[in-house]
Every structure is written in structure tokens, then in C-alpha cells.
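Down below is the structure, laid out as C-alpha cells.
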Amino acid sequence: MTENNHRTGFAALVGRPNVGKSTLMNGMIGEKISIMSDRPQTTRNKIMGILSADQAQIMFLDTPGIHKPLHKLGEYMNQAAIGALNQVDVVLFVVDANEKKGAGEKFIIEHLKKVKTPVLLVINKIDRLDDKSKLLGIMNSYKDDLNFSAMIPVSALQKDGFAELQEEIIRYLPEGPSLFPEDELTDQPMRVIAAEMIREKVLRNTHDEVPHAIAVEVNEFKERPNGTVFIRATIFVERESQKGIVIGAKGSLLKTIGQEARQDIENLTGSGVFLDLWVKVQADWRNKSKMLKEFGYKEG
């Protein structure tokens, strides 16, 4: 490929919750843009990560895990993921090498059959396979489901298989100049990324029913003359009992959440950050369309 046929395009990552889509995108672009946790449905909106290489620029869309929705938020998440299939140049269908193909994968495959976009089957978490020879069996279990343009085993955690995956993605991108500056990693404003990073730390530090009832809104984001950044954010929960859990004894858990989130935000911005966190109750917000829109969850 010469400099004259530079390629630029969009690649959507789709798959069941918790198959490693966010880890894969972050690894490909080399920075943490999309939040990660071991809890399903961590990603709630389409997040774009931008990879600028010598011969191409790839805009990755990390979509929410497609699942059976239990509330309006779940419906929005599915619409965001499925809607991305017709808006990109190539689809990365990510599956977990350690999980048997089930109803979730079959549901997604049925949607993939309706799009004309090339689909790459990305078999993730191969580092956890006790026997690499099992890969052939995994590939065979999918080969009759869809006419995949390629099947690529990877380990998003160890960044294994990334070169081959990048090469395959570029193969299906149209020729054209870059759409974003080389040093730009996402189209999301920093306040949105900051809100997501705060939510990730709540997910990692709480248990049981709390994580899925969490929303975060950045109320104030100011760059100070001394080069530091002031961020005031509100963590919303659905019940008073959840508020107590997030705050913790004498504010201990909220302090931990703030310290961990501040570190991630500083790593990404390169600036010192003062993070002011508050916790409020907004009953049943996941089923209220108005609240969902205020928190940035959009249909399609």
C-alpha cells in the first residue's frame, strides 16, 4: 500500500456483554478510552476510539453488549449496538474463546445476516485457553453461521493478534484521507470520558445490585490558569440504600472511587485533576426516557 491509497473508515465492535470489546479497542488504539470491568453491560453508549497508522485511520465504535433488555436503558443499549451495524465499513463480531456459542451469539448472528457490511469473527481471550488446538473447533462452530470475511484469534489483554486484525480491518476500508488529527484518540469530549471513568470505578468498588443502578453526570469541567482541571460530578443511584453503599463508612468508598478515577483522568489528560464527587438518589432512572436522555443515552 502506497501513500496515495491511504484508507480511512469505521469499524464497529459488537458481541455479547463481557467478551472484551472495550479492552480490545483500548489495546488497538493504545490508550484507555472505553471503560472496562468484569461486569456485563459496562459500556452503555457507542464510544469512538481512533487509531492513526501510516497507511490508514480506523475509527472504532465500541458498542454496548447486545442482551435481553430488562428496562428502557437496556433497550437504548441494544439500539445503539444494532444501529451501528449499518453505519460502518466493517463489523468486528467479538466472541469469548472460553464460552460455548449460545443464544446470545445466535441472536447477534441473526442481526448480522441482515447487513451487507463485511464481518470479521474476532475470537478473544485466547490467552485463557488451556489448549490452543481448541481454536480450530471454535472456528468450525461458527463457519456455517455466516460468511465471515475472516476469523482472527486474539488476546486483547496481551495484545496478541493485533497486527493481523489491523491488517484485515484496513483491507475493507475505503481509500481517503484521515478525518481526525493523528494525536486525537476519540471524538468524545473529555467531560464524557471523565464521567465514564468515574462510573468504572464505582463498578469496580461496589457489589450486588449497585453497579447497574449507577449513572454519572459531570456538572462542571474547568481548566484552571495553573494548568490543573477542576471536575465536579454527581453519581446517581436509584435508592437511599445504594447511596450509603457508594459513600461507604465515613465516606471511605467514595474517597477510593475519587482517587482511582482522578488517577485515570490525569493519565489521559496529562494534567493535575481536582475531583469533587457527590451522590444523589434518582428513583428508577433507568426506566425514565427523560432521565436517560439527560444522562446522554441516545437511541440508535
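Remarks
- Sorting R204, R262 by the number of Cβ atoms found within 10 Å of their own Cβ, with the fewest placed first, yields R204, R262.
- Computed from the alpha carbon atoms alone, the convex hull of segment 180-235 holds 108 Å³ per residue.
- Approximate spin-label separation S149-D183, in nm, with each point projected 7 Å along Cα-to-Cβ: 3.2 nm
- Where labels lie 7 Å past Cα in the beta-carbon direction, separation of F221 and V281 in nm: 3.0 nm
- Label-to-label distance, E240 versus Q87, with points set 7 angstrom from Cα along the beta-carbon direction: 4.1 nm.
- Once the mean of 1/r is taken over each pair of separate Cα atoms and inverted, segment 190-294 shows a Kirkwood hydrodynamic radius of 14.0 Å.
- Sequence-separation-based contact order of segment 190-294, relative, with Cα cut under 8 Å and 6+ spacing, percent: 29 percent
- Entries of K222/K280; K159/K255; K32/K125; K32/K113 with Cα pairs more than 28 Å apart: K159/K255; K32/K113
Throughout, read-outs are computed from the coordinates displayed, never taken from laboratory work. Please read all numbers here as calculations on a predicted model, not as lab measurements. All Cβ positions, even for glycine, are placed from backbone atoms using ideal geometry, and neighbour counts span all protein chains on display.
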